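Visitor: I'd like to ask you about the structure that follows.
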């Protein structure tokens with residue numbers, strides 16, 4: 001029986017794009033600082049945003065593949081049924097955590113819009129940076145719940161195994 005796979009190409013592409021932009025912005029800032037003894041103030045602001053998005057996109061891809069951190073001693077020491085139960089419980093707990101984070105970050109974005117908060121460096125609306133965070137947290141929650149569903153229905157093997 002072929003197991004369903006959660007597509008993660010979007011998350012991986014987003015993480016790669018963030019890393020490439022981060023490298024380009026940092027290189028631009030270093031070269032400018034070397035040549036002019038000044039740096040761009042906006043680079044730190046955008047770099048932090050890119051690191052957050054890259055981390056959450058990578059976490060979403062890792063969750064869909066069951067490649068998150070776990071204590072292998074407890075996981076490997078049990079039977080196949082125990083490992084399956086641990087996968088389901090861990091995925092459900094992670095899904096609930098990221099669903100809660102998505103709700104809290106959505107409230108934060110709503111407050112930033114309501115109070116018209118702006119960034120220190122560029123003076124742009126702060127929600128421009130934070131609007132993607134609840135979406136990515138919700139994507140991680142959906143990936144982990146999807147993995148939990150797949151793991152719960154699976155009778156044998158490891159759903160996250162690579163072919």
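The values are calculated or read from the model by the stated rules, or taken from the named source; none is laboratory data. Not measured: the values here are computed from a predicted model. Using ideal geometry, Cβ is built from the backbone for each residue, glycine included, and neighbour counts are taken over all protein chains shown.
Here's the yes/no breakdown for (1) under 21 Å from residue 149 (Cβ atoms); (2) at pLDDT below 90:
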| site | (1), (2) |
| --- | --- |
| 32 | no, no |
| 44 | no, yes |
| 57 | no, no |
| 67 | yes, yes |
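Visitor: Filter segment 75-98 down to the residues that are more than 16 Å from residue 150 (Cβ to Cβ) and surrounded by 14 or more Cβ atoms within 10 Å (Cβ to Cβ), then identify the one that is nearest to the chain's Cα centre (by Cα).
Guide: By that ranking, first place goes to 98.
Visitor: Please specify each residue of segment 52-80 satisfying the condition of being part of a helix (DSSP H, G or I) and out of contact with any helix residue (DSSP H, G or I) (no Cβ under 7 Å at 6 or more places or on another chain). Break it down stepwise before answering.
Guide: Quick first cut of segment 52-80, residues part of a helix (DSSP H, G or I) only: 52-64, 72-76, 80.
The answer is 55, 62, 72, 73, 74, 76, 80.
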